[in-house]
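Okay, so here's the structure we're looking at.
The values are calculated or read from the model by the stated rules, or taken from the named source; none is laboratory data. As the structure is a computational prediction, the values presented were derived from the model and not from experiment. We place every Cβ from the backbone using ideal geometry, glycine too, and count neighbours over all the protein chains shown. Remember, those area values only see protein heavy atoms, side chains included, never the ligands or the DNA or RNA. Shrake-Rupley method; radii C 1.70, N 1.55, O 1.52, S 1.80 Å.
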Amino acid sequence: MPDRISVNGTELEYQLRGTATGEPVVLIHWGVAATWAEPLLDQSALTSRYQLLSYHRAGFAGSGRLQGPPTMAAHAAHCHQLMRQLGITRAHIVGHSSSVPIALQLALDAPDAVHTLTLMEAARPAPSTDIERQFGTDVALTALQCYRAGDNPAAVDIFFRGVFGPGYRAALDHGLPDAFEQAIADADAFFTQEITALQQWPFTEDDAHRIQPPALAVLGTASPAMFADRQKLLLRWLPNAEPLDLPGLTHLLHAQDPAAVVGGLTGFFARHPIPETV
């Protein structure tokens, strides 16, 4: 069972795994469900060398509701305050999909807390392309309409097919058991909170130029083409970014092949160690 802590007036569920003397790694879950970090938490290559902080963001799973407007800045503030209350002053930050904006916002708002950024297939920033517009109409809007009609399972399935691919269910159930059910339970947070926060996130190329920590832009080569376009944008905008392409993986990434993802992460962390004085 996760521990609980009050952060900026909101109760958050969290857990610490790995070695207490290792460099801290903060895992920020995606927006479709709180079920996300489990495959990473089971990898000894991480747990034997690093201290892992995983938590449920406000509105997800058993954490309390987000106080005030849903913004990426509010989620970043929660992450930073949680780190501070747990005695973590600086960490490797890992985001995936719609939590990539939270990681980037954290780097803007609390740069001293961010040593490196791992950005796994970002939901934003995104270039203005026909592919993005088609995804917004055919997937995001259609899923949102199903949610508003009260059909949460259909809404989740439509969105998952759009980001994971039509044959996603077997890989999802194998790598993240119960994630589909958790996504249905977290549908309110995703469709009312997360989508709004993504749409209103005021992140520009000038903002990206201010972000100095080393960044790893991760891509599954079997993911929809929009994720490759977003990776290229990050590599162009961020001053210290490098790519990591994982052959054959979809947007599920670590749920499909956690060892491959962890191998990329640990190699990146090792190239950019946190000084002992931090």
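What the phi angles of the stretch 246-259 give under the Karplus curve with 6.51, -1.76 and 1.60, with θ = phi - 60°, is a coupling list of 10, x, x, 9, 9, 4, 6, 6, 5, 6, 7, 9, x, 5 Hz, glycine and proline written as x. Using the average count of surrounding beta-carbon atoms within 10 Å as a protection proxy, the listed peptides 150-158, 99-107 rank, highest first, as 99-107, 150-158.
Taking Lys and Arg as +1 and Asp and Glu as -1, the other residues whose beta-carbon sits under 10 Å from that of residue 32 total -2. By the helix-only formula, in which each DSSP H run with n ≥ 4 contributes -39500 (n - 2.57) and the sum is divided by residues, the chain has a 222 nm mean residue ellipticity of -11000 deg cm²/dmol.
For the options 86, 252, 27, a Gaussian network treatment of the chain with springs between C-alpha atoms closer than 10 Å singles out 86 as fluctuating the most.
Across the stretch 86-126, Cα-Cα pairs more than 11 Å apart make up 59 percent of the total.
Pair-distance distribution of the chain: all C-alpha pairs, bin width 10 Å, starting at 0; shares per bin in whole percent are 7, 32, 40, 20, 2, 0.
With the simple spin-label model, which puts each label point 7 Å out from Cα in the Cβ direction, the residue 222 to residue 145 separation comes to 3.0 nm. Kirkwood analysis of the Cα pair distances in the stretch 169-278 returns a hydrodynamic radius of 16.3 Å.
So for 90, 65, what's the accessible-area order with a 1.4 Å probe, most first? Working shown, then result.
Details: 90 60, 65 190 Å².
My answer, sorted largest first, is 65, 90.
Ranked by solvent-accessible area (1.4 Å probe, protein heavy atoms only, all chains present), the residues 84, 124, 57 order from largest to smallest as 84, 124, 57. Counting only heavy atoms of the protein chains and using a 1.4 Å probe, residue 120 has close to 0 Å² of accessible surface.
Whole-Å semi-axes of the stretch 1-97's equivalent ellipsoid, largest first, each the root of 5 times a Cα gyration tensor eigenvalue?
Semi-axes (√(5λ), whole Å): 22, 14, 12.
Taking θ as phi - 60° and the Karplus parameters 6.51, -1.76 and 1.60, the scalar couplings of the stretch 85-91 work out to 5, 9, x, 9, 8, 8, 8 Hz in sequence order, x denoting glycine and proline. Note on the stretch 188-235: percent of Cα-Cα distances in each 10 Å bin, starting at 0 and stopping at the bin with the largest distance, equals 20, 36, 41, 3.
Averaged per residue, what accessible surface does the stretch 1-140 expose to a 1.4 Å probe, in Å²? Walk me through the numbers on the way to the answer.
Values: 5140 Å² over 140 residues.
Counting only protein heavy atoms, the per-residue value for the stretch 1-140 is 37 Å².
Surface calculation, 1.4 Å probe, protein heavy atoms: residue 93 sits at approximately 0 Å² accessible.
If both residues of a DSSP beta bridge must be in the chain, then about 30% of such bridges are antiparallel. How high is the FRET efficiency from residue 41 to residue 130, r the C-beta distance, R0 35 Å, rounded to 0.05? Step by step, r from the Cβ atoms, then E = 0.35. Can you pull the percent of the chain's accessible area that's carbon plus sulfur, 1.4 Å probe, other chains left in place? Looking at the chain in its full context, I get 50 percent from C and S. Taking each residue as 0.36 nm, the span from residue 11 to residue 210 lengthens on full extension beyond its C-alpha to C-alpha distance by 68.5 nm.
Springs join every pair of Cα atoms under 10 Å in this Gaussian network model of the chain, and among 21, 89, 116 the largest mean-square fluctuation is at 21. Size descriptors for the stretch 31-146: radius of gyration and Dmax over Cα atoms are 15.7, 45 Å. Counting only Cα atoms, the size of the stretch 91-229 along its three principal axes is 42, 31, 28 Å, in decreasing order. Exposure check, 1.4 Å probe, all protein chains in place: residue 44 carries approximately 80 Å² of accessible surface. Applying Stokes-Einstein at 10 °C and 1.306 mPa s to the Kirkwood radius of the stretch 108-182, computed over alpha-carbon pairs, gives a translational diffusion coefficient of 108 µm² s⁻¹. Across the stretch 48-62, computed HN-Hα scalar couplings (Karplus, 6.51 cos²θ - 1.76 cosθ + 1.60, θ = phi - 60°) run 7, 10, 10, 9, 9, 10, 10, 8, 9, 5, 4, x, 10, 6, x Hz from first to last residue, x flagging Gly and Pro.
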